[in-house]
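A.B. asks: So that we are looking at the same thing, I have put the structure below in structure tokens.
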Amino acid sequence: MAEHPAYPVGLRLTGRRVVVIGGGQVAQRRLPALIAAGADVLLVSPEATPSVEAMADAGEITWERRVYTLGDLADAWYALIATGDPDANAAASAEAERRRVWCVRSDNADAATAWTPATGHSEGVTVAVLTTDAKGRDPRHTAAIRDAVVEGLRDGTLVAPHHRTRTAGVALVGGGPGDPDLITVRGRRLLAEADVVIADRLGPRDLLAELPPHVEVIDAAKIPYGRYMAQEAINNALIEHARQGKSVVRLKGGDPYVFGRGMEELQALAEAGIACTVVPGISSSISVPGAAGIPVTHRGVAHEFTVVSGHVAPDDERSLVDWPSLAKLTGTLVVLMGVDKIGKIAETLIAHGKPAGTPVALVQEGTTASQRRVDATLETVAETVRTQEVRPPAVIVIGEVVTVGPRTSA
């Protein structure tokens, strides 16, 4: 047997009896996949880890609290033998051989009739890796290959195009705060599979350079018809390209639904009958302060944080923010798109009771190579922005959390 490679096969175990002998760490690692496969799992073991016991308590497996006895593998389709008793393992393995039940042994792979591959999953694909040379089996090397393939599929660096007809549609992808490594795995994969990418100025621009030459990249900031019509023009572009049968990614900064007009685009697509997927992104409201060493909450300092838009001043009739109420909160206030209005914002907060000495931090171009942090107080922030020439994009953090962590800047 050792002279020939293992024959790879996928077992369809739904509703079929699988016997696991031993309730230790090996069972704890293997049971979730067996449960996910729909197997009817019987665990035979006098003891089990807390996680395995929880699976039994939840009704996911049947647990008989005893040692292995001859006959336990009757009617089984597959067996996993993983006790600390070599004699019990050998006896169970011999029973499996007699009953022609494929059997995995954790203590002696060479004596088993089946091996468990290193497996991983990515969007409906299971990657299973086996060592072909039985004499030179290296589980760590096998797992490393698995990890490299799965990671490549997930992040789009290993592109496997669909050869069957794909359903055209749009994905609204939150690109995160700017660092290309902070986009989600799913967002990066969809970006790698796109035919058209309509990108925001604040999206992770470095990712665009990795796209294949055939991908059409459209700068949303330069879509024609003027500033007032820009959003309608973006909606029309999404609909037009999707109707041409293309896979379209709308790459947005942060999260699509955090001041990103994602719902407006989703509504326009729905009215046009275009399928749309929304991929959440890491919001700059928490990631940028974090990158600058500021926790938006901290035990004993702030038990809440509030995120508001500062794109219109507090005295503007279009403002929907209750600034007087915000001034009374003791937690953290995070202001997005508020650099040019911070003077009015600070005045309003102070006028409604916020101490003038409340710490403020402005983090410009957070998570990128150009990140810069500037500290001030509510009383001094307007002058600080002017003298330090703070420019958008910048996240403004107001509250005692600004002084909690070590002072970091880049």
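Readers should treat all values here as calculations from the given coordinates under stated rules, not as data from a laboratory. Source: prediction; values computed, not measured. Cβ placement follows ideal geometry from the backbone for every residue including glycine, while neighbour counts extend to all protein chains displayed.
A.B. asks: Give me the net charge of Leu42's neighbourhood, meaning all other residues with Cβ under 9 Å from the Cβ of Leu42; Lys, Arg count +1, Asp, Glu -1. Walk me through the intermediate numbers first.
C.D. replies: On the way: positive: Arg17; negative: Asp40, Glu64, Asp72.
So the surrounding residues net to -2.
A.B. asks: Using a Förster distance of 35 Å, how high is the FRET efficiency between Lys328 and Ala221, based on the Cβ-Cβ distance and rounded to 0.05? Spell out each step's value before the answer.
C.D. replies: Working: r = 38 Å, r/R0 = 1.08.
In this case the efficiency is close to 0.40.
A.B. asks: While we're looking at this one, here's another question. Which FRET efficiency, nearest 0.05, do Glu389 and Ala275 yield, Cβ-Cβ r, R0 51 Å?
C.D. replies: 0.70
A.B. asks: Relative contact order of the range 169-279, please, whole-number percent, based on alpha carbon pairs below 8 angstrom and at least 6 residues apart.
C.D. replies: Worked out over the range 169-279, it gives 43 percent.
A.B. asks: Report, in debye and to the nearest 20, how large the dipole of the chain comes out about its Cα centre when Lys and Arg carry +1 and Asp and Glu carry -1 on their Cβ.
C.D. replies: 420 debye
A.B. asks: Based on the Kirkwood radius over alpha-carbon pairs, what value in µm²/s does the Stokes-Einstein equation return for the translational diffusion coefficient of the chain at 20 °C and 1.002 mPa s?
C.D. replies: Approximately 83 µm²/s, per Stokes-Einstein.
A.B. asks: Also: Summing Lys, Arg as +1 and Asp, Glu as -1, what charge do residues with Cβ under 11 Å from the Cβ of Glu347 carry, Glu347 excluded?
C.D. replies: That works out to +1.
A.B. asks: Could you identify which residue out of Gly59, Gly24, Gly273 has the top mean-square fluctuation in a GNM of the chain using Cα springs shorter than 10 Å?
C.D. replies: Fluctuation is largest for Gly59.
A.B. asks: What full-extension length gain, to one decimal in nm, is calculated for Arg29 and Gln267 as 0.36 nm per residue of separation minus the Cα-Cα distance? Numbers along the way, then the final one.
C.D. replies: Details: separation 238, 0.36 × 238 = 85.68 nm, distance 4.30 nm.
So the chain would gain 81.4 nm between Arg29 and Gln267.
A.B. asks: Choose one of Met55, Pro180, Ala268: the residue whose Cα lies farthest towards the positive end of the charge dipole of the chain (beta-carbon charges +1 Lys, Arg; -1 Asp, Glu; about the Cα centre).
C.D. replies: So the residue furthest toward the plus end is Ala268.
A.B. asks: Please give the per residue volume of the convex hull enclosing the alpha carbon atoms of the range 1-82, rounded to a whole number of Å³.
C.D. replies: Normalising the Cα hull of the range 1-82 by residue number yields 109 Å³.
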